[in-house]
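The values are calculated or read from the model by the stated rules, or taken from the named source; none is laboratory data. These numbers come from a predicted model, not from an experiment. Cβ atoms come from the backbone with ideal geometry, glycine included; neighbour counts cover every protein chain shown. To get the accessible areas, we keep the full protein, side chains included, count just its heavy atoms, and leave off ligands, DNA and RNA. Shrake-Rupley method; radii C 1.70, N 1.55, O 1.52, S 1.80 Å.
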Amino acid sequence: MGRRRVVLSVLAVVVVAGLGVSLYLFQPWRLVTDREVREALPSVTEPRPEETSGPPATGGPPTDVVLAAGDFVTHEHDTSGRAQLVRLADGRRQLLLRGLNTSDGPDLRVWLTDRKVQQGRAGWQVFDDGRWVELGRLKGNIGDQAYDIPASVDLDGLRSVSIWCKRFAVSFGAAPLAAAGTESAPA
């Protein structure tokens, strides 16, 4: 009887420890929670394609300019909204997420990457295969938010934004960044 009790006790400890580790890693309650952010974003207008041809306007005060933009596509979790890469009148650069709506999750980050956005499951895990720049933890899974881009970051070749789950190395959703005034669709 004593040996059976020891085996059951060890088994109970293993099950409880496994459950604790699983809860920590997966944080399943985040599937039903939301963190909403409503930051005041700069007012920018994306030029239409016909406005981007020809010489740039000169004179007048500096304005906030959209450098590139794109709409989010779903990867691991339903994701929607618009990403805009902007240069502010004061020279700073920011990534704006407008109307973002995705699932909450553990260890979500905002990445600029050199990867092409692919639809569906094929696009889930490609963003850490190349060059990426982390702009910070996702502030909220719903709403409008801005992320400063350090002056040291070379934007050349960065062509997408990913809401990246660092813990599980998977994209919740991503947006292709097409030059302002052009449209870019994911593959």
Original post:
What number of residues within region 137-177 are more than 10 Å from the chain's Cα centre (by Cα), under 17 Å from Phe127 (Cα atoms) and assigned to a strand (DSSP E or B)?
Top reply: 2
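Yes/no per residue for (1) in contact with a helix residue (DSSP H, G or I) (Cβ under 6 Å, 6 or more places away or on another chain); (2) modelled with pLDDT under 95; (3) open to solvent by less than 50 Å² (accessible area, probe 1.4 Å):
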{"site": "Val7", "(1), (2), (3)": "no, yes, no"}
{"site": "Val44", "(1), (2), (3)": "no, yes, yes"}
{"site": "Val66", "(1), (2), (3)": "no, no, yes"}
{"site": "Thr79", "(1), (2), (3)": "no, no, yes"}
{"site": "Gln94", "(1), (2), (3)": "no, no, yes"}
**OP:** Could you check, for region 158-166, whether at least one of its residues is of a type in the set (S, T, N, Q) and modelled with pLDDT of 95 or more?
**Re:** yes
Original post:
What is the residue count in region 56-81 for residues that are in contact with a Pro (Cβ under 7 Å, 6 or more places away or on another chain) and without any contact (Cβ under 8 Å) to a residue 12 or more places away in the chain?
Top reply: 0
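Residue by residue, here is whether (1) closer than 18 Å to Val65 by Cα; (2) polar (S, T, N, Q); (3) in contact (Cβ under 8 Å) with a residue 24 or more places away in the chain; (4) crowded, with 17+ Cβ neighbours inside 10 Å holds:
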site	(1), (2), (3), (4)
Ala83	yes, no, yes, yes
Gly99	no, no, yes, no
Ser103	no, yes, yes, yes
Leu108	no, no, yes, yes
Trp111	no, no, yes, yes
Asp129	no, no, no, no
Asn141	no, yes, yes, yes
Ile163	no, no, yes, yes
Lys166	no, no, yes, no
Subject >> Looking only at region 143-156, and only at residues there that are in contact (Cβ under 8 Å) with a residue 24 or more places away in the chain, on the phi < 0 side of the Ramachandran plot and not acidic (Asp, Glu), the one that is surrounded by the fewest Cβ atoms within 10 Å (Cβ to Cβ) >> reply: Ala151
